[in-house]
Amino acid sequence: MDDASTTSPEEAARLRAAHRLRLLDTAPDPRFDRFVRLAAQLYGTQRAGLLLVDEERLWMKASLGFEITPGTPWAASMPAAAIDLGGPVVAADTRKDPRFRGRPAADAPATRFYAAAPLIDPDGVVVGVLSVGDDKPRRGASERDLGPLIDLASLAMEELQRDADEARHAVMRREEEEQRETLMAELDHRVKNVLAAVQSMAAQSARKTVSLDSFLKTFAGRLKAMAAAQELLTATRWRGAAIGDIVTAELSGLGSGQARWEGPECFLSPRAANALSLALHELATNAVKYGALSVESGRVEVAWQVGDNGGFALDWKETGGPSVSPPTRRGFGSILLEQVTGRELGGEAVVDFRRDGVRARITADANACVEKPPAAEPADAAPVDARIVETLTGASHGGPEGGGGVAGLRLLIVEDAVLLALELESGLEDAGAVIVGNAADLEEALGMLHLSIDAAVLDANLNGKSVAPVAEALKARGTPFVFATGYGDAAAPSGFDAPIVRKPYNVNQIIRALSDVMGRS
């Protein structure tokens, strides 16, 4: 056989098709033994064989009388001649037929009568032959006699193809199972990492706060920042997140026109994205409480550049706010910025409390940056849904920031996470609301719609079912409601004007959203 450099396109296609069958060197199979026995009986021959061919050899899948002699060059054999001819072939006497001159049968140079029908795959490629042979020549043998052999070859090919498909599917199932196991292990690893990070953040936040209310407010804000980063990473299958998207997620909920940001496209690793998200949250929280964003005249400018070293540098600048003085005590936010952020990014975070406004510079090395993920889109490709309710910070109990509250409202809660539902119920009751129902699934929620309800909080997805039927019923009767979702902006049912609160949320966000839909803002 010619080497790979001189293999014709037709021969290359045939070899690929033969390998796709995955049947060379497979165990004997009684089904194919019946094919060759029947062929031998139909033609009254001593020999019959079902052969497949690869680059170097013949593979006898089933045989009667034929045996492959080790070292037999297939290119000089009768089956090879039949394959080269590309169709059914018969030789009344191989010694007198020029097509077979110099081509012995697979094992029997004495074969005189020979007939073969090709095994043709669904793509029309010949991958082998079903052949019969005899020691004696046959006068008058012609292609007209090959009908039964062609039919048998076609049936045999169907069986071969079915086996190949089953083998291929088995490999696919095994690969899919291995992939699932890998994904589950990775998910377990990430979930444990997230839980450990949340646990550490809760402990650090508690250690640096002086009251439960202060802890709940601070911890909820930091948890929200982590969730925003997780959502961005999920959109790219955990391949990375753009700095612009991270900044947008943290600052887009601030006062209109008070914050602006710009910089080149730059994508961060999951670890770096989480670190930058938390750092920006701490800076924004401080600006809202004490800095430029605590007054209407204040402004925040964020700009970043990609460095020659492959990393990035981000600058935070506050102007127009109250006079600034360095803090008298170091909270966890300061520690997070100055130590954790720099370490996670392979750079540093420096905060300068200037009298005319806070300045901060965050730098990172090349390890913090990654190539643009395939699924990533520009930040302006998916505008923030106007229905989304965001609060930068908020207590877990009490009235909303700047809202009219929910005191006296009769509320329905539809939430499949029991602990979250109980926390929400407690927080709303503390704010003065009356909880008339707390449903955990769609059927239970639909069964509560006869109750006297002023408004409702609807989890967008209830154990895999959309809450849309409940929303439709409430809309029809004119009862306001808000959506809560943990699946991102697009997961809330469409066709409704109801506000969307993204998980993890604090009760203050729900109160603010309910206050808005009830006209109490």
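Considering region 116-139, the residues that are open to solvent by less than 30 Å² (accessible area, probe 1.4 Å) and outside any strand (DSSP E or B) include one that is nearest to Arg95 (Cα to Cα), namely Val125.
The residues in region 284-303 that are open to solvent by 10 Å² or more (accessible area, probe 1.4 Å) and closer than 22 Å to Val340 by Cβ can be counted, and the count is 5. Evaluating Met172 against the criteria (1) in a helix (DSSP H, G or I); (2) within 20 Å of Val36 (Cα to Cα); (3) not acidic (Asp, Glu) leaves one unmet condition, (2). When region 345-362 is filtered for residues that are closer than 22 Å to Asn309 by Cα and surrounded by fewer than 21 Cβ atoms within 10 Å (Cβ to Cβ), the ones remaining, listed by number, are Gly346, Glu348, Val350, Arg361. For beta carbons closer than 7 Å, sequence separation of 6+ or different chains, a first residue in region 78-103 that is closer than 16 Å to Gly49 by Cα and touching a residue at least 60 places away in the same chain (Cβ under 8 Å) and a second that is open to solvent by 10 Å² or more (accessible area, probe 1.4 Å) and among the hydrophobic types (A, V, I, L, M, F, W, C), the qualifying pairs are Ile83/Val126; Pro88/Ile150. Residues that are open to solvent by less than 70 Å² (accessible area, probe 1.4 Å) and farther than 30 Å from Ser131 by Cα were ranked within region 143-185; the one that is modelled with the lowest pLDDT is Ala185. Within region 332-352, residues that are modelled with pLDDT under 85 and of a type in the set (Phe, Trp, Tyr) sit with their Cβ atoms under 6 Å from residues that are open to solvent by less than 30 Å² (accessible area, probe 1.4 Å) and in a helix (DSSP H, G or I), at 6+ positions apart or across chains, in these pairs: Phe332/Ser205. Close contacts from region 429-449, counting a first residue that is in contact (Cβ under 8 Å) with a residue 24 or more places away in the chain and over 13 Å from Lys465 (Cα atoms) and a second that is of a type in the set (Lys, Arg) and in a strand (DSSP E or B), with Cβ to Cβ under 8 Å and a gap of 6+ residues or different chains, come to Ala433/Arg410; Val434/Arg410; Val436/Arg410.
Is it the case that Ala492 is under 15 Å from Ile413 (Cα atoms) and either small (Gly, Ala, Ser) or in contact with a Pro (Cβ under 8 Å, 6 or more places away or on another chain) (or both)? No; evaluated as a whole, the condition is false for this residue. When we screen Arg410, Arg520, Arg502 for residues that are open to solvent by 60 Å² or more (accessible area, probe 1.4 Å) and either among the aromatic types (Phe, Trp, Tyr) or modelled with pLDDT under 85 (or both), the only hit is Arg520.
The values are calculated or read from the model by the stated rules, or taken from the named source; none is laboratory data. What you see is a predicted model, and the numbers here were worked out from it, not measured in a lab. Glycine also receives a Cβ, built like all others from the backbone with ideal geometry; neighbour counts cover every protein chain displayed. Accessible surface is based on the protein model in full, side chains and every heavy atom, while ligands, DNA and RNA are left aside. Shrake-Rupley method; radii C 1.70, N 1.55, O 1.52, S 1.80 Å.
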